[in-house]
Amino acid sequence: MYQKTLSTLFLLSLITLLSNTASAQQVTIFNNNIINPFSVNPSKAGEDGSKIFLMQRNQWIGVQGAPVNSLLTAEWRLGKSKSAIGFNVAHNSTSILSNTTSYITYASHFKLSESQNLSFGLAIGIRNNSILYDQVNVLETDDPIIFDYNSTGTNFDASFGMSYQFKGLEVQFSALQLLANKSIFSSSFEQKEFEYNFVRHFVGSIGYKFNVNKDIHITPILQGRNVQGFNIQPDAIVKFDYKDFLWTAVHYNYKRSYAITLGVAVSEMFVIGYSAEFAANDFAGYSGGTHEIVFGIKFGKPFQTAINKTAIEKMQKTTRGYDERLEYMKRENERMRLELKEQNKILEDMMQEGVKVDYDKVKNLIDNYNDSLQNAKPKSIEVKEQEQIKKKLNKNAGSIQFKKGTSKLLPSSDGALNDIVKILNDNPKAKLIIKGYTDNVGSDASNIALSQKRADAVKAYILKKGIKEEQISSKGMGSANPVSDNKTEKGREQNRRVEIEIAF
């Protein structure tokens, strides 16, 4: 009779607990979400780089059966795209109630302007819920009515989040347990089923980061939590950062608790944090407080940093030439200013001496001069173009071929020779030096003669195309300055060559 009465009281208490769970918070909100916002908002996945966090929260130390919450989160930014993915798995237990959840998240990050960013995230997952009857602590532990089996239930779930940033301002919103489904449990003692209902949770926050100086930042945050059908629970947080290396925060949960959080970046990769929370109501005398620890690993670059770096690199490549041209134009403008000053002085002198001045003619001369300055190329750009021309000439020279043992040009050389002619037509002030070379087979005299003939043959071809003779000179170098080993046929073939030098 005693056992049966005890079992009845237990089950009545259990049913009462389940039927009133909706009035309690079913989703754990960690104080350390200030350094791992992805733990409560799917839209934050991958926004600040790729990270892995392990978080543990032990509530109401000293109270038997108090909640224990464990959470593992991982998030990755997908290259340099706007997308990121995340994954988290959590295990929560309160007395004989237990649940394990697993979610996969997809987030998109959009850059609205140089100082505005908008992010969205959606998470879908599975929740497994359990009532562990074998964990009941009663006097008669062999009571078969209570301890005949445990009961479990599984269902799907989804969460949504968004965040907006404008300079130091950040606004966040997340909706959790969106499907608001339920688990069905049964009692072998009462021979009936009862429901555990999951309700939607909403979390919103607004904060602004103030820069005290380049090293110290203060961020006040106003946060609100709401369980659907109940009043909003306001929280106030003030976070202090020092060089993104050390941070602390004070929390006040309205009429419920207050907390302090500390964190440090052990290195660029590893961070650790701790939070202690204490009740601010009558429950304070029954508990040793709530404690959290967090361990994080960061790798990769923050999402926005990567986007900004790519944009900056692209801009630098685009503007580098403009910077050089701007400097050139500044120098030319100053030179032109001085010359115009001299021209004005000459005109004034001529007017004083009574010389008749054709102003239209003078104006046209000045305008033509200014146009020539505007069309001039910066010296730095000319140097780059000249280097490109030299490389092209060397490539063409390597394609010039002769019939073996003679100075007769092969038809396969025409393309390279015509390119050389075009370069000279485009640069009428340039001058070429054509140098002919041979291998070391034969006497020095014969090699000098053959190399001279080959250089002359190239010169003759170019002159036939209309290039002025004063632009070209030729010289036979014989077997001097070999570019390869004359001991092999391949090496001797490489030494039988023409080199072309150009002077602008």
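With a 1.4 Å probe and all protein chains kept in place, how do Leu410, Leu222 rank by accessible area, largest first?
Values: Leu410 60, Leu222 105 Å².
Per-residue accessible area, sorted high to low, gives Leu222, Leu410.
The eigenvalues of the Cα gyration tensor, multiplied by 5 and square-rooted, give the range 404-464 an equivalent ellipsoid with semi-axes of 25, 13, 8 Å from largest to smallest. By a 1.4 Å probe calculation restricted to protein chains, Val383 has an accessible surface near 80 Å², given to the nearest 10.
Based on the convex hull around the alpha carbon atoms, the range 390-504 presents an average projected area of 6.6 nm².
When Glu470, Glu489, Glu268, Glu292 are compared by accessible area at a 1.4 angstrom probe, the order from most to least is Glu268, Glu470, Glu489, Glu292.
Annotation: Ile232 carries an accessible surface of approximately 120 Å², with a 1.4 Å probe and no ligand, DNA or RNA atoms counted.
Listed here are the pairs Lys431/Lys453; Lys403/Lys429; Lys51/Lys167; Lys330/Lys392; which of them are more than 28 Å apart at the Cα? Show your work: numbers first, answer last.
Details: Lys431/Lys453 20 Å; Lys403/Lys429 32 Å; Lys51/Lys167 23 Å; Lys330/Lys392 32 Å.
Over 28 Å apart, Cα to Cα: Lys403/Lys429; Lys330/Lys392.
How large is the convex hull of the C-alpha atoms of the range 38-121 per residue, in Å³? Before the final figure, lay out the partial values.
Details: hull volume 7.5 nm³, N = 84.
Each residue corresponds to 89 Å³ of Cα convex hull volume.
Which cross-chain or sequence-distant (5 or more) residues have an amide H under 5 Å from the amide H of Leu169, H modelled 1.01 Å from N in plane? Amide H neighbours of Leu169: Lys209.
The values are calculated or read from the model by the stated rules, or taken from the named source; none is laboratory data. On a predicted model such as this, the values are computed, not experimentally measured, just so you know. Just the protein is used for accessible areas: all its heavy atoms, side chains included, with ligands, DNA and RNA removed. Shrake-Rupley method; radii C 1.70, N 1.55, O 1.52, S 1.80 Å.
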